[in-house]
Amino acid sequence: IVERAMYQSRAGQLYGAGHGSAAVTEPALTWLLAEGATGDVFDLFLLLANPNPTAATARISYLLDDGRTLTKTVTVEGNSRRTIWVDYDTPDGTTGQPLQAVALSTKVEVLNAVPIIVERAMWWPVGPGQWYEAHNSPGSTVTGTEWGIAGAEVSGAPDYASTYVLIANTSAQMADARVTLLLDGVPAVSKDVLGIAANSRRTLDIAFEFPESAGRTFGVLVESMGATPAQLVVESAVYRNAAGVWWAAGANELAT
């Protein structure tokens, strides 16, 4: 069993930021990442590793929360790694840096049958040298119609824990989903999330969507609805304050 941990010191603070992630057991031709954000808070990195001697050609599709899809084709040389700083990326057919203030999911598809490994890392607050926390997750190689999360929390002072559920609709059809909080010690509560556009991303701020979550720990169940449910990928992100520092800690998980 293999994992990786990374730490970075800053401003005289040992290990002021860091993230950890489980390894994956094999490369694949398609990777799906539900989480991703740029702007005033996050620096977003897409990480592509090619463990083969042959170069891989990959098409990256950025699935924005407004329903737009921007794409870029890149080469990952054999036995190498490629890093894409998404905030400053210029997708094909665009000019400037149109990804500098967006929420997005990402689909990576290899076009020449050379399987790769894909992860995503997010560091904050914006700007190398300013980062005091990070999280990381490998992509998913499958979609599904039911996803589960075990660890989530919403709390008040002093740590103000916040949970976000990120839903990527990777289908060519609109998606409706039922989100259920499996609350610790009280009955579960559900809410329908309707009209998630095809090939787009939807962010759920659990504290806003579910007032019942206040001061509680919980799991989350996301179910795609309808006669022909759309295929989804789901992740969660949890942040908390500490010692008066906003979002001094944070973590991300790919749902199962």
Provide, as a two-decimal number, the C-alpha radius of gyration of the chain over 2.2 N^0.38 Å, N being how many residues it has.
1.00
Taking the Cα centre as origin and putting +1 on Lys and Arg beta-carbons and -1 on Asp and Glu beta-carbons, what dipole magnitude results for the range 155-224, to the nearest 20 debye?
160
Quick check on the range 109-256: take the gyration tensor over C-alpha atoms, sort the square-rooted eigenvalues as a ≥ b ≥ c, and tell me if it's rounded (a/c under 1.5), prolate or oblate.
oblate
Can you tell me, using C-alpha contacts under 8 Å and at least 6 residues apart, the relative contact order of the chain as a whole percent?
21
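For the range 145-193, what does the alpha-carbon gyration tensor say about shape, rounded, prolate or oblate, given a ≥ b ≥ c as the root eigenvalues, a/c under 1.5 as rounded, and a/b over b/c as prolate?
On the way: a/c = 2.76, a/b = 1.79, b/c = 1.54.
Judged from the Cα gyration tensor, the range 145-193 comes out prolate (a/c at least 1.5, a/b above b/c).
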Return the sequence-ordered ³J(HN,Hα) values of the range 105-120 in whole Hz as given by the Karplus equation 6.51 cos²θ - 1.76 cosθ + 1.60 applied to θ = phi - 60°, using x for Gly and Pro.
10, 9, 10, 10, 10, 6, 9, 10, 6, 10, x, 10, 10, 10, 10, 9
What is the dipole size for the chain, taken about its Cα centre, with +1 at each Lys and Arg Cβ and -1 at each Asp and Glu Cβ, in debye to the nearest 20?
420
Whole-Hz couplings from phi, Karplus 6.51/-1.76/1.60, listed for the range 23-38; x for Gly and Pro:
6, 10, 8, 6, x, 8, 8, 9, 10, 10, 10, 7, 8, x, 7, 10
I'd like the distance between the alpha-carbon centres of the range 1-78 and the range 79-99, rounded to an integer number of Å.
12
Taking amide H positions as placed in the peptide plane 1.01 Å from N, state which residues far from Ala255 in sequence (5 or more) or on other chains have amide H under 5 Å from it.
Val234, Glu235, Ser236
Please turn the phi angles of the range 128-138 into ³J(HN,Hα) values with the Karplus equation 6.51 cos²θ - 1.76 cosθ + 1.60 (θ = phi - 60°), one per residue in order, whole Hz, x for glycine and proline.
x, x, 9, 4, 10, 6, 7, 8, 8, 7, x
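Rounded if a/c is under 1.5, else prolate if a/b is larger than b/c, else oblate: which is the range 1-120, with a ≥ b ≥ c the root eigenvalues of its Cα gyration tensor?
On the way: a/c = 1.87, a/b = 1.07, b/c = 1.75.
Oblate, since a/c reaches 1.5 and b/c is not below a/b.
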5 Å is the cut-off here: which amide hydrogens, built 1.01 Å from N in the peptide plane, fall below it relative to Leu182, excluding neighbours closer than 5 in sequence?
Gly219, Val220, Leu221
What translational diffusion coefficient, in µm²/s and rounded to a whole number, does the Stokes-Einstein relation yield for the range 5-46 at 25 °C and a viscosity of 0.890 mPa s, taking the hydrodynamic radius as the Kirkwood radius over Cα pairs?
184
Non-local residues with an amide H under 5 Å from the amide H of Ala55, with H modelled 1.01 Å from N and Pro and chain starts lacking one, are Gly78
With the dipole of the chain defined by +1 on each Lys or Arg Cβ and -1 on each Asp or Glu Cβ, the option from Gly144, Leu14, Asn112 whose Cα lies farthest towards the positive pole is Asn112
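Throughout, read-outs are computed from the coordinates displayed, never taken from laboratory work. Note that the structure is a prediction, hence the values are computed from the model and not measured. Reconstructed Cβ throughout: ideal geometry from the backbone, glycine too, with neighbour counts over all protein chains shown.
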